[in-house]
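Before any comments, here is the structure.
Only the coordinates and a few stated rules stand behind these numbers; no lab work does. Predicted model, so just to flag it, every value in this text is computed and none were measured. With ideal geometry, Cβ positions are generated from the backbone for all residues, glycine too; neighbour counts draw on all protein chains shown.
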Ligand SMILES: Cc1ncc(C[n+]2csc(CCOP(=O)(O)OP(=O)(O)O)c2C)c(N)n1
Ligand SMILES: [Mg+2]
């Protein structure tokens, strides 16, 4: 099986605009993607060793979407994230040690251990939180956009969600209002072809992109494995939003390498090994980036190896920090119910 | 916190609510209103008439009929520096909004370890007998009272309606306010000047020594009518309005019941698993060794609200029912 939807290169116009903008630090983008990959590997490892309470949804394979989008954002721009949110959080600049601590339910975690994998929020970097309700944060992102507009700032809000979330009516309610009120919000759908164990072909009728377009929202389909393409498409949308041009919608074709969550190991009943192999071997966002970074002379294999070593050290230190960190004091159980 | 009566004016509850909103919107540019037909129409109950003329359509925003959507937008705006007042036309529509309230607004502060704040106010209605049938008559305050993270207020007078709403808007937690739609034209004295009614402080609406009658929202009026009838019989009712179900001023309710040795709760929600049940249990636990009778509850009949007046009137607590129940509790049946 090949990717279900054609992976489009960025339009010539998008490439031209992208060239005009000060170019992003691609090596940094690569580093962020690698950080997500290694982070998720360690999460899986912690789960398998019985060191992590509960489950986690890994985003390995989808790194270019999170990083490509967040590369174009400022620290004070907002994002809302999903149950598969580690990548968004890292891409927005969160620290691995505090993230691991949160995943292990430790006091030093981003939420003092009260949120866990599915609820990490990092408000200092505009991350208004991951969300365990599929589609649950669409209102929040749209409201943050209304807020920036009312406050007269040029902050934008990005709402990440999966293809499965197209089934939530909330999306159509808030896209309607975002279009009516020209809100600076970008709806980013990570189409990884499945919602849990059901392929999108069974759950999405008609053309997905026709849905935002019906509200007059510009919508683009992007190769979610190519961080440059994601960045270019995001840049257009963000420029438009900042300039008062209203919302946009990005449909990013991507793939999650592992199961729906860390415990989803036997997947043969809903997708084929060959499909997984194809994406890993031919569409890997890190391998693709590595190839053009070197091919275009932007870096050398030796530099990338150094990046790999540095990120490995950072991630391993983060795990060690989290394992040693203290659990929250029992007195915290009823703190922060009310502000 | 209320100011002396000097300068108090008689206002309807609708006028008091409008005044609260206007004052808060003047005081704080972060306050805005979001809901269906809130601007030029001023809502179907005309509670908000005149606000859009003063504050414009950027701050009194008419929405599409998308309760979940605009409540979610309210949550996000609240998280990012605004103080939205979301208008849910009928309490019955809470079903459409529940994920945004119970899973998003209520939990963001706790789940984020206290970092995110959601200073959101949701105004909605409760109350039957408007001949509006099963989907426009419910009193669903128990639903939200059950969710930690939400505060819940139910004013019974114009003065409380104003003070509670102002306190809600200034509160950094999400607050849901239920107004009895039958009470919008009810008149009462409203203090002059800027005041709030703190959330979590009950009000003794009538002192009495023989029995504690705990009543919410429009049931307060009913309780006062019953008390007036029972006084000449030698039964002095202490009528207390908790004003907020969350936080609940348990101390005031329990202390009163300990003193009077008898208590009854009147609340218009369904009796089963309701606010009345929770308050009754709180009083029973706190005052058990002082009580001379079991704590009783009056609530809405556990049926959907029927349309026909002949049937609907059978589903809500009445003055007569309360009078009979109080006499029984006081061994005067
Ligand atoms: C409202 C709601 N319904 C169902 C679930 C259970 N659930 C968790 S993730 C998921 C699949 C979501 O699919 P998608 O949006 O495509 O995201 P992906 O997991 O593929 O990243 C489901 C059904 C949920 N968390 N919330
Ligand atoms: Mg999916």
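With all pairs of different C-alpha atoms in the average, the Kirkwood value for the hydrodynamic radius of region B:287-333 is 12.5 Å.
Among B:196, B:245, B:216, the largest mean-square fluctuation in a Gaussian network model of chain B (Cα springs under 10 Å) belongs to B:196.
Per-residue shielding of A:147-158, expressed as the average number of other chain Cβ atoms within 10 Å of the residue Cβ, stands at 3. With helices as the sole contributors, chain A gives -13500 deg cm²/dmol at 222 nm; each DSSP H run of n ≥ 4 counts as -39500 (n - 2.57), and the sum is divided by every residue. Highest mean packing comes first when the peptides B:254-267, A:203-216 are listed by Cβ atoms within 10 Å, giving B:254-267, A:203-216. Full extension of the chain between residue A:242 and residue A:74 yields a length gain of 59.3 nm, computed as 0.36 nm times the residue separation minus the alpha carbon distance.
Normalising by residue count, region A:73-229 has a Cα convex hull of 118 Å³ per residue. As a test, work out the antiparallel percent of DSSP beta bridges whose residues both lie in chain A, rounded to the nearest 5. Taking every DSSP beta bridge with both residues in chain A, the antiparallel ones total about 10 percent. Evaluated at q = 0.23 Å⁻¹, a Debye calculation over the C-alpha positions of region B:128-228 (equal weights, vacuum) places log10 I(q)/I(0) at -1.38. Rg and Dmax of the protein assembly as shown, both derived from C-alpha coordinates alone, stand at 28.2, 98 Å. So if I take the centroid of the Cα atoms in region A:277-295 and the same for region B:283-297, what is the distance between those two points in Å? Measuring centre to centre over Cα atoms gives 72 Å.
Hydrodynamic estimate: the Kirkwood radius of region B:8-191 over Cα pairs, inserted into Stokes-Einstein at 37 °C and 0.692 mPa s, corresponds to D of 203 µm²/s. Here the simple spin-label model places points 7 Å from the Cα toward Cβ, and for residue A:287 and residue A:305 these points are separated by 2.0 nm.
Highest GNM mean-square fluctuation, chain A, Cα pairs closer than 10 Å: which of A:201, A:142, A:234? Among A:201, A:142, A:234, the largest GNM mean-square fluctuation belongs to A:201.
Against the main long axis of the alpha-carbon atoms of chain B, helix B:219-230 sits at an angle near 20°. The distance between label points at residue B:10 and residue A:294 comes to 8.8 nm (points 7 Å beyond Cα on the Cα→Cβ vector).
From largest to smallest, the equivalent ellipsoid semi-axes obtained for region B:221-261 from the alpha-carbon gyration tensor read 22, 14, 4 Å. Computed from the C-alpha gyration tensor, the three semi-axes of the ellipsoid equivalent to region B:203-329 are 22, 17, 12 Å, from longest to shortest. In summary, the convex hull built on the alpha carbon positions of chain B has an orientation-averaged projected area of 16.7 nm².
Helix B:275-287 and the longest principal axis of the C-alpha atoms of chain B enclose an angle of approximately 50°.
As an exercise, use a Förster radius of 45 Å and the Cβ-Cβ distance of residue B:284 and residue B:40 to find the FRET efficiency, rounded to the nearest 0.05. Once rounded, the FRET efficiency stands at 0.35. Built from the Cα atoms of chain A, the convex hull projects on average onto 17.2 nm², one quarter of its surface area.
Mean partner shielding of peptide A:109-116, defined as the number of other chain Cβ atoms within 10 Å of each residue Cβ, is 4. Using only the alpha-carbon atoms, how far is helix B:158-170 inclined from the longest principal axis of chain B? Give it as 0 to 90 degrees, nearest 10. It works out to around 50 degrees.
Here the calculated FRET efficiency for residue B:201 and residue A:266, from their Cβ-Cβ distance with R0 = 35 Å, stands at 0.05, rounded to the nearest 0.05. Per-residue ellipticity at 222 nm, computed for chain B from helices alone with -39500 (n - 2.57) per DSSP H run of at least four residues, works out to -9500 deg cm²/dmol.
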